1. How far is the Cα center of region 51-82 from the Cα center of region 166-180, in Å?
2. Under a straight-distance cross-link criterion of Cα-Cα below 16 Å, which aspartates and glutamates are reachable from residue 43, leaving out those fewer than 8 residues away in the same chain?
3. Rounded to a whole number, what % of the accessible area of the chain do carbon and sulfur atoms account for, probe 1.4 Å?
4. Take the chain, compute every pairwise Cα distance, and split them into 10 Å bins from 0; I just need the percent in each bin.
5. For helix 169-179, what angle does its Cα long axis make with the longest principal axis of the chain, in degrees from 0 to 90 and rounded to 10?
6. At q = 0.13, 0.16, 0.26 Å⁻¹, what log₁₀ I(q)/I(0) does region 96-178 have when each alpha carbon counts as one equal point scatterer in the Debye sum?
7. Which is the longest run of the chain containing none of the GluC sites (Glu not before Pro) found in DSSP loop states (not H, G, I, E, B) with at most 16 other C-beta atoms within 10 Å?
8. Provide the per residue accessible area, probe 1.4 Å, for region 100-154, rounded to a whole number of square angstrom.
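The values are calculated or read from the model by the stated rules, or taken from the named source; none is laboratory data. The structure presented is a predicted model; accordingly, all values stated were derived computationally and were not measured. Glycine gets a Cβ as well: all are built from the backbone with ideal geometry, and neighbour counts include every protein chain shown. Keep in mind that these areas ignore ligands, DNA and RNA; they rest on the heavy atoms of the full protein, side chains included. Shrake-Rupley method; radii C 1.70, N 1.55, O 1.52, S 1.80 Å.
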Amino acid sequence: AFDNMTLGLQERDKVKSLFSKFHGSSVAEEMMNRDQVMGGQNKEVVVFFSDIRGFTAFSEKRAPEEVVEMLNEYFGVMVKVINKNGGIVDKFIGDAIMAIWGAPKSSDQDPFNAVKACLEMRVALDELNQKRLARGQNAIQIGMGLHAGRAISGTIGSDERMEYTVIGNTINTGSRIEASTKAFGTDLLISDDVLKLVGEKFIVDKAGEAEVKGRSEPLKLFKVRGYK
């Protein structure tokens, strides 16, 4: 009986470790410590989106193995920075990363940590590109977008297949902010909603305004140059 109990605990740790790799440690703990029901909580979150510029053209000219190798190396660098700053990687969408601060656990430092993570990802990508160039590979360029607002955080799906995620207009707007980085000629844009939360802790320049579906007023967007 003792041996069976030991094996059961080892199996539980294995499942928990696997959950953590797919959802992040805080999400894994929440999923294992409560009964899973569909639905969620209305929370204040900061949402992050990024994608690789020219990824479609890159993948068309290379073998699938080379594309996957590049993505795994790139994701490994970016995810480490997000985790270090208290964010949760919600999902990978092809070459895109969606991450969240404020769910399932929140902190008053979430907005600051999210912007800080973006600046650290900028540095980490530069270091990765130096390695890639030394290997005769092309440098990676990305766009990043941050937005803050309310969203539903929880489990969606069916009885047979569930997914922990965040949904709402805030998430959609965050995706559109990231898509605007190319038009504004920058690798990082944050909304005025994020700027209000971080105060004067960062050096920013107003990029301009953009009409965004789902908002009655134009969205004010800002470039982030660094810390004050």
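1. 22 Å
2. Hits, sequence-local ones excluded: 30, 90, 108, 110, 193.
3. Summing carbon and sulfur atoms, their accessible area is 52 percent of the total for the chain.
4. Result returned by the calculation: 7, 30, 33, 21, 7, 2, 0.
5. Helix 169-179 sits at roughly 50 degrees to that axis.
6. -0.57, -0.77, -1.28
7. With a cap of 16 other Cβ atoms within 10 Å, the longest stretch comes to 1-159.
8. 43 Å²
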